[in-house]
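Chemist: Take this structure first; my questions come after.
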Amino acid sequence: EPAAPAAAEQVEPMTTPEREQRMEWWRDARFGMFVHWGLYSGLAGTWEGKPVGERGGMEWIQYRVRADTDTYAERALPLSKPTENFAEQWAKLAKQAGCKYLVFTTKHHDGFALHDSAVSDFDAGSKLDRDLVKEIVDACRAEGLRVGFYHSVIDWHHDQYEYEKSNQLPHPLKGKPYPNGERDHAKYQEYLHAQVKELTTNYGPVDILWWDYSATDFQGEEAWRAFELMDLVRNKQPQVIMNNRLFRIPEAGWTSMQMTGVAAQLNPKYGDFVTPEQHVPDRGLPGVDWETCMTMNTTWGYSRHDQAWKPNDQLVHTLIDIASKGGNFLLNIGPTGDGTVPPESIEGMQAIGKWMETNSESIYGTTASPCDAPAWGRITTKGDTLYLHVFDWPESGELTVPVEATAEECTLLADAATKFAVSSSDAGLTVKLTGEAVDPYATVLKLKLTEP
Ligand code: JFZ
């Protein structure tokens with residue numbers, strides 16, 4: 001009889017062949033579009049004719065003004081009139097921008113479900129006589145995009161939702177008694193599971209489940225029956241990829257408010273990827289699948305008062321920066337109450353798309369740079385090829401690439417006939433540039449290394 005394996009050998013592997021296969025399209029995609037859209041969109045950051053608070057976070061407007069669900073819905077619903085083809089506009093824009101997937105809010109913290117739900121009357125089916133989830137999914141599929149469901153586990157509308165246990169989530173109705181007396185959070189959990197079951201049963205393949213979110217002292221099993229919820233989704237959608245926001249414990253990769261933690265180790269039992277928000281980790285998160293989500297101005301949900309738009313060069317550079325660190329970029333749009341995308345967001349997405357038209361080969365299917373980011377730009381890798389993204393065309397005409405390797409050839413990605421000489425030195429490889437930058441944001445050179 002062989003001896004029983006030592007305890008250390010019984011530890012689950014960090015990843016499995018099944019997971020590697022399942023993550024493949026997502027890792028290759030590198031770029032997705034996020035959409036925050038719900039009842040808050042119609043309110044547009046305005047309550048009783050006044051802008052609400054500072055900029056940012058206008059999907060939290062109900063909480064900001066401490067409105068109960070009835071008052072909030074009464075004011076927001078007349079402002080929520082989706083056009084016939086709003087979803088096509090989103091999907092076409094995502095496609096044009098070079099996004100491979102689209103993640104949208106099936107329900108945000110206000111609790112309003114965008115699908116036609118049998119277990120709720122606070123949903124688009126009941127209130128707008130539309131199944132907006134179906135419309136969005138169909139539009140994405142028509143453009144060949146993968147589809148992700150953002151789903152808030154926090155729910156300010158459900159009368160059994162236990163908010164007092166969460167140190168970070170005071171309820172809009174805090175202090176007011178519920179009409180039906182004691183809360184029973186188990187009832188909310190049942191409702192949550194029932195809606196997630198509808199979402200993962202009635203709309204065909206769901207590529208991503210983007211959970212949002214847990215507090216440090218109200219998370220995971222206790223708050224959401226999280227493992228059962230994940231199993232439910234996996235049984236319906238074996239290929240689904242999920243983030244780790246059903247949990248908020250150091251082991252799950254979140255030791256700070258920054259969503260990445262100190263070590264950023266992620267045990268796949270808590271989810272497939274981590275979600276840095278509004279920032280790019282300095283050196284990426286080696287060994288962990290990660291996706292930075294970011295707004296184009298400062299709010300996720302539409303506000304007519306927020307004009308702090310990021311410039312196009314910054315958007316393009318951020319996409320490249322993230323790819324060079326091995327992550328994905330989920331860039332947000334916040335459409336208005338009728339589903340129209342703000343012109344500034346269209347412009348930003350199209351600027352990325354124009355750059356991608358020529359250069360997407362240096363983004364899709366690439367992996368992180370083999371070295372730290374050089375001062376002149378960013379590097380991505382595909383097999384023996386390095387893609388040099390030149391943000392600042394050097395006056396010296398020389399680019400140093402700090403890698404120990406020999407080069408076969410260096411060409412312009414936009415025009416393979418343009419070749420540059422490469423020499424070796426102690427500092428690595430030096431590319432001798434000729435001419436000028438061919439792109440206002442980032443000119444890409446393809447540096448093929450000699451196979452070792
Ligand atoms: C959450 C939402 O509250 C927000 O409205 C938006 O949907 C965003 C993408 O996700 O925002 C969070 C959640 C958790 C933290 C910060 C922002 N956190 O714990 O640091």
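The values are calculated or read from the model by the stated rules, or taken from the named source; none is laboratory data. Bear in mind that the values here come from a model prediction, so they are computed numbers and not experimental data. Heads up, the Cβs are rebuilt from the backbone with ideal geometry, glycines too, and the neighbour counts pull from every protein chain shown.
Chemist: Restricting to region 421-451, count the residues that are in a strand (DSSP E or B) and among the small types (G, A, S).
Modeler: Of the residues in region 421-451, the ones in a strand (DSSP E or B) are 421-425, 428-432, 443-449.
Still in the list and also among the small types (G, A, S): 421, 423-425, 428.
The total comes to 5.
Chemist: Is there any pair linking a residue in region 409-422 that is under 14 Å from L386 (Cα atoms) to one that is assigned to a strand (DSSP E or B) and of a type in the set (F, W, Y), with Cβ under 9 Å and at least six apart or on different chains, and which?
Modeler: If the second residue must be assigned to a strand (DSSP E or B) and of a type in the set (F, W, Y), the pairs left are E409/F420; C410/F420; T411/F420; L412/F420; L413/Y387.
Chemist: Among the numbered criteria (1) modelled with pLDDT of 90 or more; (2) farther than 21 Å from S117 by Cβ; (3) among the charged types (D, E, K, R), which single criterion is violated by E182?
Modeler: (1)
Chemist: Here is a further query. Got at least one residue in region 111-118 being surrounded by 19 or more Cβ atoms within 10 Å (Cβ to Cβ), among the acidic types (D, E) and more than 16 Å from the ligand (Cβ to nearest atom)? It would help to see each step written out before you state the result.
Modeler: Here is the first cut: in region 111-118, the ones surrounded by 19 or more Cβ atoms within 10 Å (Cβ to Cβ) are 111-117.
Keeping just the survivors that are among the acidic types (D, E) gives 116.
Add one more test, that the residue is more than 16 Å from the ligand (Cβ to nearest atom), and what stays is 116.
Yes, that holds for at least one residue.
Chemist: In region 102-125, which residues are in contact with a Leu (Cβ under 6 Å, 6 or more places away or on another chain), in a strand (DSSP E or B) and of a type in the set (F, W, Y)?
Modeler: Passing the criteria: none in range.
Chemist: I would also like to ask the following. Name the pairs whose Cβ atoms lie under 9 Å apart, with the first residue in region 26-37 and in contact (Cβ under 8 Å) with a residue 60 or more places away in the chain and more than 13 Å from the ligand (Cβ to nearest atom), the second β-branched (V, I, T) and outside any strand (DSSP E or B), and 6 or more positions between them or separate chains?
Modeler: D28/T366; R30/I322; R30/I363; R30/T366; F31/I322; F31/I352; F31/I363
Chemist: Is there any pair linking a residue in region 190-209 that is of a type in the set (G, A, S) to one that is surrounded by fewer than 18 Cβ atoms within 10 Å (Cβ to Cβ) and not in a helix (DSSP H, G or I), with Cβ under 7 Å and at least six apart or on different chains, and which?
Modeler: From region 190-209, the pairs are A194/V119.
Chemist: Output yes when any residue across region 289-305 is part of a loop (DSSP other than H, G, I, E, B), at negative phi, aromatic (F, W, Y) and surrounded by fewer than 20 Cβ atoms within 10 Å (Cβ to Cβ), and no when none is.
Modeler: Filtering region 289-305 for residues part of a loop (DSSP other than H, G, I, E, B) gives 289, 295-305.
Narrowing further to those that are at negative phi: 289, 295-305.
Cutting the leftovers down to aromatic (F, W, Y) gives us 300, 302.
Subset that is surrounded by fewer than 20 Cβ atoms within 10 Å (Cβ to Cβ): none.
Within region 289-305 (the criterion being part of a loop (DSSP other than H, G, I, E, B), at negative phi, aromatic (F, W, Y) and surrounded by fewer than 20 Cβ atoms within 10 Å (Cβ to Cβ)), the answer is no, since none of the residues qualifies.
Chemist: Residue check, S126 against (1) surrounded by fewer than 18 Cβ atoms within 10 Å (Cβ to Cβ); (2) touching a Pro at 6+ places or on another chain (Cβ under 8 Å), all met but one. Which one?
Modeler: Among (1) surrounded by fewer than 18 Cβ atoms within 10 Å (Cβ to Cβ); (2) touching a Pro at 6+ places or on another chain (Cβ under 8 Å), S126 violates only (2).
Chemist: Mind checking which residues of region 367-420 are among the β-branched types (V, I, T) and outside any loop (DSSP other than H, G, I, E, B)? So that I can check it myself, show each step before the final result.
Modeler: Of the residues in region 367-420, the ones among the β-branched types (V, I, T) are 367, 379-381, 385, 390, 400-401, 403, 406, 411, 418.
If the condition is that a residue be among the β-branched types (V, I, T) and outside any loop (DSSP other than H, G, I, E, B), then T367, I379, T380, T381, T385, V390, T400, V401, T411, T418 are the ones that fit.
Chemist: Based on this model, can you work out whether S303 counts as within 14 Å of the ligand (Cβ to nearest atom) and within 16 Å of W37 (Cβ to Cβ)?
Modeler: Values: within 14 Å of the ligand (Cβ to nearest atom): yes; within 16 Å of W37 (Cβ to Cβ): yes.
Against the criterion (within 14 Å of the ligand (Cβ to nearest atom) and within 16 Å of W37 (Cβ to Cβ)), S303 qualifies.
Chemist: Next up: Quick one: is H279 within 20 Å of C99 (Cα to Cα) and within 16 Å of the ligand (Cβ to nearest atom)? Explain how you work it out, then say what you get.
Modeler: On the way: within 20 Å of C99 (Cα to Cα): yes; within 16 Å of the ligand (Cβ to nearest atom): yes.
Yes, satisfied.
Chemist: Is one or more of the residues making up region 347-364 away from the ligand (no atom under 16 Å from the Cβ), out of contact with any His (no Cβ under 6 Å at 6 or more places or on another chain), at pLDDT 95 or above and more than 30 Å from T411 (Cβ to Cβ)?
Modeler: Restricting attention to region 347-364, the residues satisfying the condition of being away from the ligand (no atom under 16 Å from the Cβ) are 347-364.
Narrowing the set further to residues that are out of contact with any His (no Cβ under 6 Å at 6 or more places or on another chain) leaves 347-364.
Subset that is at pLDDT 95 or above: 347-364.
Add one more test, that the residue is more than 30 Å from T411 (Cβ to Cβ), and what stays is 347.
Taking every residue of region 347-364 in turn, at least one turns out to be away from the ligand (no atom under 16 Å from the Cβ), out of contact with any His (no Cβ under 6 Å at 6 or more places or on another chain), at pLDDT 95 or above and more than 30 Å from T411 (Cβ to Cβ).
Chemist: Could you go through region 39-55 and let me know if any residue there is closer than 26 Å to I136 by Cβ, part of a loop (DSSP other than H, G, I, E, B) and away from the ligand (no atom under 11 Å from the Cβ).
Modeler: First, pick out the residues of region 39-55 that are closer than 26 Å to I136 by Cβ: 39-46.
Adding the requirement that they be part of a loop (DSSP other than H, G, I, E, B) leaves 44-45.
Checking the rest, the ones that are also away from the ligand (no atom under 11 Å from the Cβ) come to 44-45.
Within region 39-55, one or more residues are closer than 26 Å to I136 by Cβ, part of a loop (DSSP other than H, G, I, E, B) and away from the ligand (no atom under 11 Å from the Cβ).
Chemist: Another question about this same structure. Mind checking which residues of region 220-238 are within 11 Å of K197 (Cα to Cα) and touching a helix residue (DSSP H, G or I) at 6+ places or on another chain (Cβ under 7 Å)?
Modeler: Of everything in region 220-238, those that are within 11 Å of K197 (Cα to Cα) and touching a helix residue (DSSP H, G or I) at 6+ places or on another chain (Cβ under 7 Å) turn out to be L229, L232, V233, K236, Q237.
Chemist: Quick one: in region 267-287, of everything that is in contact with a Phe, Trp or Tyr (Cβ under 9 Å, 6 or more places away or on another chain) and part of a loop (DSSP other than H, G, I, E, B), which residue is surrounded by the most Cβ atoms within 10 Å (Cβ to Cβ)?
Modeler: First pass over region 267-287, keeping only residues in contact with a Phe, Trp or Tyr (Cβ under 9 Å, 6 or more places away or on another chain): 269-276, 280-281, 284.
Filter again for part of a loop (DSSP other than H, G, I, E, B), leaving 271-272, 275-276, 280-281.
Values: G271: 24, D272: 21, T275: 22, P276: 21, V280: 17, P281: 20.
Per the stated criteria, the residue is G271.
Chemist: Residue by residue through region 57-75, note down the ones that are assigned to a helix (DSSP H, G or I), over 15 Å from W300 (Cα atoms) and within 16 Å of the ligand (Cβ to nearest atom).
Modeler: Narrowing region 57-75 to residues assigned to a helix (DSSP H, G or I): 58-64, 69-75.
Narrowing the set further to residues that are over 15 Å from W300 (Cα atoms) leaves 69-75.
Passing the criteria: only Y72.
Chemist: Quick check on region 327-345. Is at least one of its residues under 12 Å from the mean Cα position of the chain (by Cα), surrounded by 21 or more Cβ atoms within 10 Å (Cβ to Cβ) and more than 15 Å from A94 (Cβ to Cβ)?
Modeler: Yes, some residue in region 327-345 is under 12 Å from the mean Cα position of the chain (by Cα), surrounded by 21 or more Cβ atoms within 10 Å (Cβ to Cβ) and more than 15 Å from A94 (Cβ to Cβ).
Chemist: Restricting the search to region 306-349, which residues are touching a residue at least 60 places away in the same chain (Cβ under 8 Å) and among the β-branched types (V, I, T)?
Modeler: Result: V316, I320, I322, I333, T336, T340, V341, I346.
Chemist: From V316, V233, V240, which residue is away from the ligand (no atom under 12 Å from the Cβ), surrounded by 21 or more Cβ atoms within 10 Å (Cβ to Cβ), more than 30 Å from E357 (Cβ to Cβ) and of a type in the set (V, I, T)?
Modeler: Working: V316 fails: more than 30 Å from E357 (Cβ to Cβ); V240 fails: surrounded by 21 or more Cβ atoms within 10 Å (Cβ to Cβ).
V233 is the lone residue from the list that is away from the ligand (no atom under 12 Å from the Cβ), surrounded by 21 or more Cβ atoms within 10 Å (Cβ to Cβ), more than 30 Å from E357 (Cβ to Cβ) and of a type in the set (V, I, T).
Chemist: Determine whether I208 is modelled with pLDDT of 95 or more, under 14 Å from the mean Cα position of the chain (by Cα), more than 14 Å from the ligand (Cβ to nearest atom) and among the hydrophobic types (A, V, I, L, M, F, W, C).
Modeler: On the way: modelled with pLDDT of 95 or more: yes; under 14 Å from the mean Cα position of the chain (by Cα): yes; more than 14 Å from the ligand (Cβ to nearest atom): no; among the hydrophobic types (A, V, I, L, M, F, W, C): yes.
No.
Chemist: Also: Within region 83-110, work out how many residues are of a type in the set (V, I, T), within 16 Å of the ligand (Cβ to nearest atom) and farther than 22 Å from T71 by Cα. Give the derivation first.
Modeler: Taking region 83-110 first, the residues of a type in the set (V, I, T) are 83, 103, 105-106.
The next check asks that each one be within 16 Å of the ligand (Cβ to nearest atom); those that pass are 103, 105-106.
Retained after the next criterion (residues that are farther than 22 Å from T71 by Cα): 103.
Going through region 83-110 one residue at a time, the tally reaches 1.
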